[in-house]
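Step one of this worksheet: look at the structure below.
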Amino acid sequence: MTKSKRKTPKVERRDTKFSEKISTKIWSETASLDNPYIAEKCLIHGYDLLDITRNLSFSESIFLNIKGNLPSDEQLALFNALLSGLSNLGPRHAAVRAVMNAAVSKTKIQNLLPLGLAIAGGEFLGAEEVEQSVKFISKNI
């Protein structure tokens, strides 16, 4: 057998550094000086992640992620009622039925929640109906 005479590509070092700061509209992160793969400080909509985990309820942190600011007392009460009311849609809802059918068909458990959320976010009995309802109420008040 003869040895191939391919040219070996020359590998050069690029000397690029890992980003010192990762930032989006929602998330801002500053890397540790010792290890650029560890975040020294993380902000969500300008609020320190450690303060959020220590001082906010789960529903307050969800509201912050969705709206970009902390809820007022009235908004928090309404949001908690909404989360409680939507926490179990019942077995007749299309999203619940889809998850139940997928579960009995031995679908991997990690795929059940995204499946249910995808269907619950749709037009029929989903989040789009909530959006249309809010638009209708806002327009007609």
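Every number in this text was worked out from the coordinates using simple rules, so none of it is lab data. Worth saying up front: this structure is predicted, and the values here are computed from it rather than measured. All Cβ positions, glycine included, derive from the backbone under ideal geometry; neighbour counts span all protein chains shown.
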request  = State whether segment 27-72 is rounded, prolate or oblate according to the following rule on the C-alpha gyration tensor (a ≥ b ≥ c being the square roots of its eigenvalues): a/c under 1.5 gives rounded; otherwise a/b larger than b/c gives prolate, and the remaining case gives oblate.
outcome  = prolate
remark   = Taking a crude spin-label model, label points 7 Å out from Cα along the C-beta direction, the residue 40 to residue 67 distance in nm is 3.3
request  = Go through segment 34-103 and name the trypsin sites (Lys or Arg not before Pro) that are in a DSSP coil and have 14 or fewer other Cβ atoms within 10 Å of their Cβ.
outcome  = 92
ask   = So what is the diffusion coefficient of segment 28-141 in µm² per second by Stokes-Einstein at 4 °C and 1.567 mPa s, using a Kirkwood Rh over Cα pairs?
value = 75
message = How charged is the neighbourhood of residue 99? Take every other residue with its Cβ under 14 Å from the Cβ of residue 99, and add Lys/Arg as +1 and Asp/Glu as -1.
response = +4
